[in-house]
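The values are calculated or read from the model by the stated rules, or taken from the named source; none is laboratory data. For clarity, every value in this text was computed on a predicted model and none was experimentally measured. Here the Cβ positions follow ideal geometry from the backbone for every residue, glycine too, while neighbour counts run over all protein chains shown. Side chains included, ligands, DNA and RNA excluded: accessible areas come from the protein's heavy atoms. Shrake-Rupley method; radii C 1.70, N 1.55, O 1.52, S 1.80 Å.
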Amino acid sequence: MFINDVEQCQWIRQKFETPGVMKFTNEEKRTLLARLVRSMRFEDFLARKWSSEKRFGLEGCEVMIPALKTIIDKSSEMGIEYVIMGMPHRGRLNVLANVIRKELEQIFCQFDPKLEAADEGSGDVKYHLGMYHERINRATNKKITLSLMANPSHLEAVDPVVQGKTKAEQFYRGDTAGKKVMSILLHGDAAFAGQGVVYETFHLSDLPSYTTNGTIHVVVNNQVCYRRRGHNEMDEPMFTQPLMYKQIHKQVPVLKKYADKLIADGTVTLQEFEEEIAKYDRICEEAYTRSKDNKILHIKHWLDSPWPGFFNVDGEPKSMSCPPTGISEDLLTHIGNVASSVPVKDFKIHAGLSRILRARLEMTKNRVVDWALAEYMAFGSFLKEGIHVRLSGQDVERGTFSHRHHVLHDQEVDKRTCVPMNHLWEQQAPYTVCNSSLSEYGVLGFELGFAMASPNALVCWEAQFGDFHNTAQCIIDQFISSGQAKWVRHNGIVLLLPHGMEGMGPEHSSARPERFLQMSNDDSDAYPEVGEQFEVSQLYECNWIVVNCSTPANYFHVLRRQILLPFRKPLIILTPKSLLRHPEAKSSFDEMVSGTTFQRVIPENGLAAHAPHEVKRVIFCTGKVYYDLVKERKNQDLEKQVAITRLEQISPFPFDLLKEELEKYPDADLVWCQEEHKNSGYYDYVKPRFRTIVNHTRPIWYVGREPAAAAATGNKNMHLVSLRRFLDTAFNLEAFEGKTF
Ligand SMILES: Cc1ncc(C[n+]2csc(CCOP(=O)(O)OP(=O)(O)O)c2C)c(N)n1
């Protein structure tokens with residue numbers, strides 16, 4: 001190991017290489033033996049009771065349990081109050097039983113195939129579930145909270161999530177030096193060496209808004225210890241490693257070796273040792289008997305991050321409603337003024353930035369907002385309400401498209417910065433905006449973990465371009481899309497994914513909305529029951545929300561709704577690029593003041609809406625293409641014949657509002673128009689749902705780009721030609737005549 005820091009080298013010499021450093025007192029030896037007894041007999045017990053069940057036992061590395069317990073004892077002694085852990089499957093049940101001290105009967109219940117799950121969701125295998133436990137540390141008599149994060153099979157994926165949650169717990173306690181909250185990550189040696197996310201996580205360790213001030217990493221190294229039963233208990237390692245496993249089978253288990261040694265040197269007697277074993281075996285047997293009384297499995301008992309007070313006593317949302325998301329005019333004006341100013345003295349900003357701030361001031365005076373100002377209004381309003389806002393991602397402080405500028409830089413004093421959003425009110429929640437390292441997998445995992453700590457925070461991760469989120473696909477698939485179903489854990493993380501076909505090439509165009517939509521759990525073929533609280537209850541049932549807003553006001557509202565909802569759901573927002581500066585993409589304060597709210601659908605409200613029976617075609621669309629369509633409709637003078645309706649919330653699908661819209665135009669062609677290629681975008685998601693609304697009686701025609709392998713062309717001319725082509729089809733009122741659907 002090469003370390004070029006002298007202080008660190010000295011520390012290792014002192015702690016590991018000083019002669020006699022491994023000498024234990026008799027008391028310590030007896031504790032070690034007792035902990036080994038638990039570690040070993042727990043696995044033996046499971047093996048006896050469920051010999052044909054996979055459990056990923058710890059046999060061969062039983063010392064991990066005393067090692068972890070020693071780390072926790074020592075940490076508690078040094079003032080740590082909360083330890084957050086992440087680990088793979090090997091030995092996990094043992095850690096739950098003997099380190100975190102989950103009730104044994106709850107672990108044993110998980111082996112009973114007859115027990116039905118009490119909670120909604122699909123659940124997960126027992127060696128993935130999480131746990132949260134407040135207990136007294138026996139060595140120090142101090143209170144300590146231990147949390148083991150739920151994780152998927154994907155090795156090491158939980159690493160950044162643990163770090164994010166640890167950072168959040170430190171942040172909310174004001175533990176800036178990490179003296180009260182810490183994390184422990186356990187790794188297998190192969191996964192530790194091979195999985196890139198390990199390094200993406202390490203890379204966050206020195207960044208101010210991401211550091212947890214050090215993590216203890218424990219590598220369960222098969223080169224040093226061994227796996228007595230191969231990969232899992234159903235495995236036959238002799239098939240492939242006969243000679244090594246002949247040696248392994250000859251190994252005397254560590255408990256026997258250590259007990260023999262302590263008996264030989266008189267530290268314990270054989271009788272004491274046997275009594276210790278009998279005592280623990282009895283504990284297991286009694287728990288096993290109790291586990292038989294359980295009639296139902298509670299996944300909620302395995303929650304790693306409870307949110308006290310947020311839900312009612314049964315863990316349900318306190319209501320099924322959401323108040324209007326608008327805010328007062330005074331608040332809008334105040335936030336607009338601060339967003340246009342430099343709230344500290346003698347601070348010289350760049351001339352280009354002065355222009356941007358002047359434009360913001362002008363907008364505030366005129367009671368309008370663009371995209372950046374709408375976002376400012378949403379974030380700022382939360383800070384007043386005591387909601388912490390955190391925005392993380394590559395270049396987010398400035399904004400990839402240089403539109404945000406949440407951190408001002410003094411042009412004359414190096415590294416002097418100012419965050420005006422933190423100068424909104426004397427008493428306000430903090431705003432954290434932080435440029436991340438160049439990682440998606442690690443950073444998105446981190447933010448997801450951060451968002452787990454508290455429901456009273458808006459945690460947003462922004463991709464540089466939406467296209468790059470796919471390097472974080474594991475966090476999206478394994479945690480964000482399915483986390484609640486597997487682990488009954490809510491999470492309100494917001495993904496901001498710049499998206500739009502603007503001729504910028506195959507990797508700077510598409511946030512791949514089709515992938516999010518394909519993983520959405522709302523049923524395409526069943527028209528839902530539309531009750532009074534349909535909007536909110538539909539959100540409650542879904543696994544995540546996918547939106548593509550066409551106005552700054554709607555972006556403002558959807559951010560506000562995220563926190564005003566009585567539960568938390570991941571929110572995927574396809575955000576604009578060219579619309580950030582589009583002269584038409586502005587909203588009036590009137591659309592944001594108290595009483596206004598998020599619009600899931602923005603219906604046509606022009607000439608066509610006034611004489612719906614004369615309308616020949618209704619074009620449904622989402623996002624930026626709306627502006628191209630409106631311009632083209634005007635050019636072709638078709639404002640009476642063609643209605644254009646915007647879908648702002650794509651998933652869960654606003655069946656109710658679209659039904660109203662469809663019924664309003666009974667004689668019109670129905671068209672779905674998108675700028676994305678046919679095999680991407682939204683078409684495959686919206687088509688069956690539209691058909692469900694009309695009971696398969698009317699076709700929904702496709703207008704957009706042809707199917708393609710790459711998300712977009714890199715050739716500007718090809719981009720413009722294909723745009724021209726589909727706009728022509730969109731307004732050719734004979735385009736579908738005589739065609740069968
Ligand atoms: C990302 C990922 N790739 C592959 C696997 C399949 N897998 C499960 S355990 C394992 C071996 C892990 O070896 P190591 O990290 O040394 O831990 P051990 O199981 O030996 O304790 C593999 C490849 C996985 N779970 N996750």
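Per-residue answers, yes or no, for (1) touching a helix residue (DSSP H, G or I) at 6+ places or on another chain (Cβ under 8 Å); (2) farther than 30 Å from Trp544 by Cα; (3) not β-branched (Val, Ile, Thr):
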site: Ala611; (1), (2), (3): no, yes, yes
site: Glu632; (1), (2), (3): yes, yes, yes
site: Gln636; (1), (2), (3): no, yes, yes
site: Val642; (1), (2), (3): yes, yes, no
site: Gln649; (1), (2), (3): yes, no, yes
site: Glu661; (1), (2), (3): no, no, yes
site: Leu670; (1), (2), (3): yes, no, yes
site: Cys673; (1), (2), (3): yes, no, yes
site: Pro688; (1), (2), (3): no, no, yes
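Residues to consider are Thr70, Thr140, Thr145; find the one that is surrounded by fewer than 23 Cβ atoms within 10 Å (Cβ to Cβ) and either within 16 Å of the ligand (Cβ to nearest atom) or part of a helix (DSSP H, G or I) (or both).
Thr70
Restricting the first member to region 712-741 and to residues that are more than 20 Å from Thr645 (Cα to Cα) and in a helix (DSSP H, G or I), and the second to residues that are β-branched (Val, Ile, Thr) and open to solvent by 30 Å² or more (accessible area, probe 1.4 Å), the beta-carbon pairs closer than 8 Å and six or more apart or on different chains are His719/Thr713; Ser722/Thr713. In region 275-305, which residues are open to solvent by less than 50 Å² (accessible area, probe 1.4 Å) and touching a strand residue (DSSP E or B) at 6+ places or on another chain (Cβ under 8 Å)? Residues satisfying the conditions are Leu297, Ile299, Trp302, Leu303, Asp304, Ser305.
Of all residues in region 148-164, which are more than 14 Å from the ligand (Cβ to nearest atom) and among the β-branched types (Val, Ile, Thr)? Correct list: Val161, Val162.
Listed by first and then second residue, the pairs linking a residue in region 178-199 that is open to solvent by 10 Å² or more (accessible area, probe 1.4 Å) and part of a loop (DSSP other than H, G, I, E, B) to a residue that is within 16 Å of the ligand (Cβ to nearest atom) and at pLDDT 95 or above, with Cβ atoms under 7 Å apart and 6 or more places separating them unless they lie on different chains, are Gln195/Leu155; Gln195/Glu156. Checking the stated criteria, Glu233 turns out not to satisfy the condition of being within 16 Å of the ligand (Cβ to nearest atom), modelled with pLDDT of 95 or more and acidic (Asp, Glu).
Just give me the residues in region 482-508 being polar (S, T, N, Q) and within 19 Å of Ile650 (Cα to Cα), in sequence order. I'd like the intermediate steps shown before the answer.
Here is the first cut: in region 482-508, the ones polar (S, T, N, Q) are 482, 484, 491.
If the condition is that a residue be polar (S, T, N, Q) and within 19 Å of Ile650 (Cα to Cα), then Ser482 is the only one that fits.
Tell me which of these His89 doesn't satisfy, since it passes every other one: (1) more than 16 Å from the ligand (Cβ to nearest atom); (2) of a type outside the set (Gly, Ala, Ser); (3) surrounded by fewer than 23 Cβ atoms within 10 Å (Cβ to Cβ). Looking at each condition in turn, His89 falls short on (1). For the structure I just gave you, tell me whether Arg398 is open to solvent by less than 10 Å² (accessible area, probe 1.4 Å) and part of a loop (DSSP other than H, G, I, E, B). Spelling it out, it is not the case that Arg398 is open to solvent by less than 10 Å² (accessible area, probe 1.4 Å) and part of a loop (DSSP other than H, G, I, E, B). Going by the structure shown, is Leu46 away from the ligand (no atom under 16 Å from the Cβ), crowded, with 21+ Cβ neighbours inside 10 Å and closer than 17 Å to Arg227 by Cβ? So Leu46 passes the test. Taking the numbered list (1) small (Gly, Ala, Ser); (2) open to solvent by 50 Å² or more (accessible area, probe 1.4 Å); (3) within 16 Å of the ligand (Cβ to nearest atom) in turn, Ser205 passes all entries but (3).
Of all residues in region 611-635, those that are under 23 Å from Arg691 (Cβ atoms) have Cβ atoms under 8 Å from Cβ atoms of residues that are open to solvent by 30 Å² or more (accessible area, probe 1.4 Å) and hydrophobic (A, V, I, L, M, F, W, C), 6 or more apart or on another chain, in Lys616/Leu733; Arg617/Leu733.
Only strands (runs of 3 or more DSSP E) whose full extent lies in region 403-509 are considered here, and the ones with at least 1 residues that are on the phi < 0 side of the Ramachandran plot, touching a residue at least 12 places away in the same chain (Cβ under 8 Å) and open to solvent by 30 Å² or more (accessible area, probe 1.4 Å) are 431-435.
Which residue, of Glu661, Glu648, is more than 32 Å from the chain's Cα centre (by Cα), within 25 Å of Ser524 (Cβ to Cβ) and open to solvent by less than 40 Å² (accessible area, probe 1.4 Å)?
Details: Glu648 fails: more than 32 Å from the chain's Cα centre (by Cα).
Checking each option against the conditions leaves just Glu661.
Quick check on region 6-14. Is at least one of its residues touching a residue at least 24 places away in the same chain (Cβ under 8 Å) and not hydroxyl-bearing (Ser, Thr, Tyr)? No, the conditions are met nowhere in region 6-14. Of the residues making up region 502-523, those that are touching a helix residue (DSSP H, G or I) at 6+ places or on another chain (Cβ under 7 Å) and either aliphatic (A, V, I, L, M) or over 23 Å from Cys549 (Cβ atoms) (or both) are Glu507, Ala511, Leu517, Met519.
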